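Each remark here refers to the structure printed beneath this line.
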Amino acid sequence: MRRRLPSTAEALEILKSKRTRPAHRPPPPAGKALGGFVRELDARFGQGANALTARWREVVGPDIARRTEPVKLVKGRGGAASSLEIRVAGPSAAIVQHQAHEILARVNLFLGPDAVQKLRIVQGPLRRTEAAPSPSPARRRAVPLDAAEEARLVESLAPAPEGKLRDALLALGRGVLRQRR
């Protein structure tokens, strides 16, 4: 048996009486909702998982920190040894390998006794997250030579052929004469 379709007026009446609300959604899990906030706090204050990254220079010292950066800290399962993976810039890996005991001692001093038992060294380019050095003060403009010195310099370079070589010799001569002052 075929069912007849409602007219426009009947359809509007049906929609008025049976308007439904969207399905109720449960709130997102607390970990997902707080993830961004925790990451922001972690970046600002350096606590938690990224504490070692934030204070790497203080922990291992400026010499080692210049060549290395911590990548990840892997906790051992079931009482197994935990390890710290560090990235080392190029040929410095041999030097860092010899300093592994010192690095482990300093990291354990920071994280707590026996927090890390193994050090894993991976060679690769470092990602520098520290602030770029402040721009150097503006260089003072070099004081030009007086007319007599400039004339003597140009006269002494008269035998030199025109072109880039003569221009370079002229710039060199000006620099030397400025330093003599």
Practice task
Looking only at region 77-112, count how many residues are of a type outside the set (Lys, Arg), modelled with pLDDT of 85 or more and outside any helix (DSSP H, G or I).
Solution key: 8
Fill in the blank from the handout: Pairing a residue in region 111-122 that is closer than 14 Å to His101 by Cβ with any residue that is outside any strand (DSSP E or B) and open to solvent by 40 Å² or more (accessible area, probe 1.4 Å), where Cβ atoms lie under 8 Å and the two sit 6 or more apart in sequence or on different chains, gives Gln117/Ala81; Lys118/Ala81; Ile121/Gln97
Problem - Candidate set from region 75-96 (those that are touching a residue at least 24 places away in the same chain (Cβ under 8 Å) and of a type in the set (A, V, I, L, M)); member that is most open to solvent (accessible area, probe 1.4 Å) - result: Ile95
Exercise for the section: Considering only region 113-149, state which residues are at pLDDT below 75 and within 15 Å of Thr53 (Cα to Cα). Expected result: Arg128, Thr129, Glu130, Ala131
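Against the definition (open to solvent by 100 Å² or more (accessible area, probe 1.4 Å) and farther than 30 Å from Ala54 by Cα), how does Pro6 come out, yes or no?
For Pro6, the condition - open to solvent by 100 Å² or more (accessible area, probe 1.4 Å) and farther than 30 Å from Ala54 by Cα - is not met.
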Completion exercise
Asp63 meets each of (1) of a type in the set (Asp, Glu); (2) free of Cβ contacts under 8 Å to residues at least 12 places away in the same chain; (3) surrounded by 12 or more Cβ atoms within 10 Å (Cβ to Cβ) with one exception, condition (3)
Exercise for the section: Would you tally the residues in region 18-33 being modelled with pLDDT of 80 or more and open to solvent by 90 Å² or more (accessible area, probe 1.4 Å)? Expected result: 4
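The values are calculated or read from the model by the stated rules, or taken from the named source; none is laboratory data. Quick caveat: nothing in here was measured; it's all calculated off a predicted structure. Virtual Cβ from ideal backbone geometry, glycine too; neighbours counted across all protein chains shown. Side chains included, ligands, DNA and RNA excluded: accessible areas come from the protein's heavy atoms. Shrake-Rupley method; radii C 1.70, N 1.55, O 1.52, S 1.80 Å.
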